[in-house]
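The values are calculated or read from the model by the stated rules, or taken from the named source; none is laboratory data. Bear in mind that the values here come from a model prediction, so they are computed numbers and not experimental data. A quick note on method: Cβ atoms are made from the backbone with ideal geometry, for glycine too, and the neighbour counts reach across all protein chains shown. Ligands, DNA and RNA are stripped out before the accessible areas are found, and what is left, the full protein with its side chains, is counted by its heavy atoms. Shrake-Rupley method; radii C 1.70, N 1.55, O 1.52, S 1.80 Å.
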Amino acid sequence: MLTGLAVTAALWLAGPDMTVPASCQVPLDRINYRTCADEAPVGSPARSWALINLGSQAFMAGDMARAVKLYDEARPADGLNMYSDPVFHAFRGAAYDHVGRSKEALADAQTSWDILSGAVTIDPQNPPPTEDEYHGFVLAFILPILKANGDPAFAPAFGAYQRLSDDGVEALIRRAALLEQLGDFSRALAAGEKAMKLRPDDPGLQNNHCYTLVRAGRAAEGLPYCEAALARLPEASPILHSYASALAALGRCEEAERQLAEARRLDPAAALYRQPLECRAAG
């Protein structure tokens with residue numbers, strides 16, 4: 001999914017007519033995007049192309065602050081919009097959403113859906129794939145943004161998502177995480193339980209299940225899942241935040257604040273982690 005994110009002809013033609021460095025023209029399975037970005041002229045489409053690939057690599061690695069920095073650096077200096085495929089816009093929108101840049105996040109989520117649904121055609125020669133796996137992957141990133149902003153596109157986009165197959169553990173994992181973000185806790189928990197039968201020791205799944213239980217008002221049930229996830233990934237900020245949320249819901253306020261502070265230290269750009277946790281100390 002990451003290799004060679006397509007930057008369409010619209011982007012290449014939007015920039016100045018500059019020679020593309022040889023380092024940007026090697027086969028995609030051997031390209032070094034950092035070298036390409038360093039050698040391409042500042043402001044050139046080739047440099048933007050390399051930078052958005054670097055940004056998407058950072059996004060998939062969970063480094064949202066770096067992803068946002070690279071996506072911003074990739075923007076054309078003349079202020080023109082930069083269009084690519086639905087995955088790029090979903091990634092960039094989710095990265096902006098993570099750091100609290102809601103307006104930009106929504107614009108990318110809308111663009112991603114417009115291209116994915118066929119309402120807008122960016123590159124007629126390279127339409128988006130039609131497979132359920134691809135659509136489910138993209139929609140899992142953009143649906144929470146569309147819903148949080150009350151965007152009219154949420155209804156048709158969610159309708160499209162509901163028609164997708166949920167066969168396979170990856171689809172179940174995405175479904176559980178997405179439904180939690182949309183507030184459908186019962187169905188999120190059902191999908192998570194199915195996924196954990198297939199991957200019982202997956203810390204990401206354990207974390208998602210913990211946080212869903214916390215959000216559903218069942219923190220005591222969720223806490224062991226957070227503890228199991230944290231034992232495997234003790235410096236994962238999403239798990240620390242989930243653990244802090246569970247502790248706060250159980251009235252263990254001082255412990256919750258320590259875990260939340262650590263999550264903030266590890267990912268200071270996360271808007272969610274800047275929000276205080278409601279906690280009433282247990283009597």
Extend 7 Å from the Cα of L277 along its Cα-to-C-beta direction; within the stretch 197-231, residues with backbone N under 16 Å of that point are 207-231
Anyone know which of R30, R264, R218 comes out most mobile in the 10 Å Cα GNM of the chain? R30
Please find, in a Gaussian network model of the chain (springs between Cα atoms separated by less than 10 Å), the residue of A216, A77, A190 whose mean-square fluctuation is greatest. A77
Using Cα pairs closer than 8 Å and at least 6 residues apart in sequence, work out the relative contact order for the chain, in percent. 11 percent
Considering only protein heavy atoms and a probe of 1.4 Å, how much of the accessible area of the chain is carbon and sulfur, as a whole percent? 52 percent
Of the residues M82, M196, M60, which exhibits the maximal mean-square fluctuation in a Gaussian network model of the chain defined by a 10 Å Cα contact cut-off? M60
If you take the charge dipole of the chain about its Cα centre, with +1 on Lys and Arg Cβ and -1 on Asp and Glu Cβ, which of A77, P203, F158 is farthest toward its positive end? P203
Classify the stretch 164-283 as rounded, prolate or oblate, taking a ≥ b ≥ c as the square roots of the eigenvalues of its Cα gyration tensor: rounded when a/c is under 1.5, otherwise prolate if a/b is larger than b/c and oblate if not. prolate
Within the stretch 252-272, backbone nitrogen closer than 17 Å to the virtual label 7 Å beyond the Cα of A65 toward Cβ: 260-272
To the nearest 20 debye, what charge dipole does the stretch 146-283 have about its Cα centre, counting +1 at the Cβ of each Lys and Arg and -1 at the Cβ of each Asp and Glu? 220 debye
Average Cα contact separation per residue, the stretch 68-226, under 8 Å, 6 or more apart, as relative contact order %: 14 percent
Mean separation of Cα pairs under 8 Å and 6+ residues apart, divided by the residue count of the stretch 176-282: what relative contact order is that in percent? 19 percent
Loop GluC sites (Glu not before Pro), the stretch 117-193, which have at most 12 other Cβ atoms in a 10 Å radius of their Cβ (DSSP): E131
Length added when fully stretched, D184-V169, from 0.36 nm per residue minus Cα-Cα: 3.5 nm
Can you tell me the accessible area per residue over the chain, all protein chains present, probe 1.4 angstrom, in square angstrom? 49 Å²
